[in-house]
Amino acid sequence: MNTRILLTVFFALVAILASYGICPAQSTLVFDEEVWDFGNIREADGSVSHTFGFTNSGDNAIVIENVSVSCGCTTPSYSKNAVMPGGRGEVKVTYDPAMRPGYFSKEIYVISNGGANRDKLVIKGDVEPLPRTVEQDYPYLFGEGLRLKTLSVNFRYVGQGSPTKTTLGYANTSGRPMDVTFDIVPDDGTVTVEPQQTLCADCRGEFTVTVNVPRGETYGRLMYKVVPVVDGVPQTPGITVSAIATDDFSTARGGAAPEMKLSAAYYNFGSVRRGDRKTQSFTLTNSGTAELIIRKLEPQEGISTDLREGTVIAPGASVTVRATLDTSAARGGTFTKVVSILTNDPTRPMREIRLAASVPAQ
């Protein structure tokens, strides 16, 4: 169908609709502006408003039925009375910047003429956030006026011989200088903190926590406590530092690598009696191009497996892994236990097998 035929069909449809008094609606509201930029505003100053004025350019009176917004932060108000031809009306839009720092752009739709007309307005701007208090930035209070940003740090995977670090913040609200040092528990040299320093009164500072797992036989989950010591007094409980020690994969990119696949990672035995031992088999496959080595097994109490640390699985080979759930410690209800398997798979070093059962209450 060529362009001339398409145009003929279009104008014929318009003529038919017009004969029934049905014409494509075109808004007669002419707004003075359709976009308003508040520019830079401050959260501390509260809500801001702009009034969009409009003229009814049509031949009939028109009523605004509704003004819809996309966010509870935007509140509209508008002329409820009919606006006569050539008459003026307005839509006032108020924006609340509370807890909304940064750039914003909000659309407002003005509905009129029985819902046939939708005029879009836009407000935008950039909100300067409220100054934050020391309590907001450092929510965790230790004794002696020391405040910290966090109580825990999870490094996830840390390769042996590849130090990983993070920087944390703290603040002194005691009104006097304080000497801040750190005790590491256990203190085996894997976790270090620096600097040990004097923090001036009402000052903020930073310290760096480093995890450096020595090359060798250390694999699996690690857990440490970094305890701040203020003027010689330990401030417990301290910061929990956790990591999973793996092979150093940073130098193995692009070469041959193992890849561990499990036939399933979860099995539910259904209803069992307390004290029953249930076993389920899984298939572990090395779908990679290098030997897969089982570095560490971490079973929770109540679950065991016949897989052994040090097991080597050739590329393309599979082994059957049997996992057993012992429900002796179950107290009734759903009983779930996990065994974690750490390997030299660089893509996903740790996998889990999860067994569950429903044990009636005694």
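Go ahead and run the numbers for FRET between SER287 and THR167, Cβ-Cβ distance against an R0 of 45 Å, rounding to 0.05.
Details: r = 39 Å, r/R0 = 0.86.
The formula returns an efficiency of 0.70 here.
Expressed as a whole percentage, what fraction of the accessible surface of segment 51-153 belongs to carbon and sulfur atoms when a 1.4 Å probe is rolled over the protein heavy atoms? Walk me through the numbers on the way to the answer.
On the way: 2610 of 5410 Å².
For segment 51-153, the apolar C and S fraction of the accessible surface comes to 48 percent.
For helix 3-19, report the angle its Cα long axis makes with the longest principal axis of the Cα atoms of the chain; keep it between 0 and 90° and round to the nearest 10°.
Here the helix axis deviates by roughly 70 degrees.
Indicate, rounded to the nearest 5 percent, the antiparallel portion of the DSSP beta bridges found entirely in segment 213-362. It would help to have the intermediate numbers written out before the result.
Working: 41 of 45 bridges.
Close to 90 percent.
With θ set to phi - 60° and the Karplus curve 6.51 cos²θ - 1.76 cosθ + 1.60, what are the ³J(HN,Hα) couplings of segment 218-230 in order, to the nearest whole Hz, using x for Gly and Pro?
Running phi through 6.51 cos²θ - 1.76 cosθ + 1.60 with θ = phi - 60° gives 7, 9, x, 6, 10, 9, 9, 10, 9, 9, x, 10, 9 Hz.
Ignoring solvent entirely, what values of log10 I(q)/I(0) come out of the Debye formula for segment 64-129 at 0.13, 0.17, 0.27 Å⁻¹ when each Cα is a single scatterer?
-0.42, -0.64, -1.22
Based on Cβ point charges of +1 for Lys and Arg and -1 for Asp and Glu, what charge dipole magnitude is obtained for the chain about its Cα centre, in debye rounded to the nearest 20?
Working: 35 positive and 38 negative charges, 290 e Å.
Charge dipole, the chain, about its Cα centre: 1400 debye, nearest 20.
Name the residue from VAL30, GLN300, VAL69 whose Cα lies farthest towards the positive end of the charge dipole of the chain, charges +1 on Cβ of Lys and Arg and -1 on Cβ of Asp and Glu.
So the residue furthest toward the plus end is GLN300.
On the full set of protein chains, 1.4 Å probe, figure out the accessible area of CYS200 and give it in Å² to the nearest 10.
Estimated to the nearest 10 Å², CYS200 gives 60 Å².
Expressed in nm², what is the orientationally averaged projection area of the convex hull enclosing the Cα positions of segment 226-362? Walk me through the numbers on the way to the answer.
Numbers: hull surface 47.2 nm².
So the Cα hull casts an average projection of 11.8 nm².
At 1.4 Å probe size, with the rest of the protein present, what percent of the exposed accessible area of segment 258-300 is carbon and sulfur atoms?
Numbers: 1010 of 2380 Å².
Ligands and nucleic acids excluded, carbon and sulfur reach 43 percent.
I need the per residue convex hull volume for the chain, using only the alpha carbons, in cubic angstrom as a whole number.
Details: hull volume 119.2 nm³, N = 362.
For the chain, the hull spanned by Cα atoms encloses 329 Å³ per residue.
Would you tell me the accessible area of ASP126, worked out with a 1.4 angstrom probe on the heavy atoms of the protein chains, in Å² to the nearest 10?
Estimated to the nearest 10 Å², ASP126 gives 60 Å².
Given +1 on the Cβ of Lys and Arg, -1 on the Cβ of Asp and Glu, and no further charges, what dipole in debye does segment 42-133 carry about its Cα centre, rounded to the nearest 20? It would help to have the intermediate numbers written out before the result.
Working: 10 positive and 10 negative charges, 14 e Å.
Once rounded to the nearest 20, the dipole reads 60 debye.
What does the accessible area of ARG274 come to, in Å² to the nearest 10, when a probe of 1.4 Å is used?
120 Å²
With θ set to phi - 60° and the Karplus curve 6.51 cos²θ - 1.76 cosθ + 1.60, what are the ³J(HN,Hα) couplings of segment 341-347 in order, to the nearest whole Hz, using x for Gly and Pro?
With coefficients 6.51, -1.76 and 1.60, one gets 10, 9, 10, 9, 6, x, 6 Hz.
Heavy-atom accessible area per residue, the chain, 1.4 Å probe: how many Å²? Before the final figure, lay out each step's value.
Working: 19830 Å² over 362 residues.
On a per-residue basis, the chain sits at 55 Å².
What ranking do 352-361, 150-159 get when scored by the average of other Cβ atoms within 10 Å per residue, highest first?
Highest to lowest by the protection proxy: 352-361, 150-159.
Report the one residue of VAL180, GLN196, ILE123 whose Cα lies farthest in the direction of the positive end of the charge dipole of the chain (charges on C-beta: Lys and Arg +1, Asp and Glu -1; origin at the Cα centre).
Farthest towards the positive end: ILE123.
Leaving out ligands, DNA and RNA, what percent of the accessible area of segment 315-362 is carbon and sulfur, probe 1.4 Å? It would help to have the intermediate numbers written out before the result.
Numbers: 890 of 2130 Å².
The computed percentage sits at 42.
Using a Förster radius of 45 Å, what is the FRET efficiency between LYS80 and THR133 based on their Cβ-Cβ separation? Nearest 0.05, please. Numbers along the way, then the final one.
Values: r = 43 Å, r/R0 = 0.96.
Using R0 = 45 Å, I get an efficiency of 0.55.
Which one, THR218, SER318, VAL83, is farthest towards the positive end of the dipole of the chain when Lys and Arg carry +1 and Asp and Glu -1 on their Cβ?
Of the listed residues, the answer is SER318.
The values are calculated or read from the model by the stated rules, or taken from the named source; none is laboratory data. What you are looking at is a predicted structure, and each value in this text was computed from that prediction instead of being measured. Heads up, the Cβs are rebuilt from the backbone with ideal geometry, glycines too, and the neighbour counts pull from every protein chain shown. When the accessible area is computed, the model is the full protein with side chains, heavy atoms only, and any ligands, DNA or RNA have been set aside. Shrake-Rupley method; radii C 1.70, N 1.55, O 1.52, S 1.80 Å.
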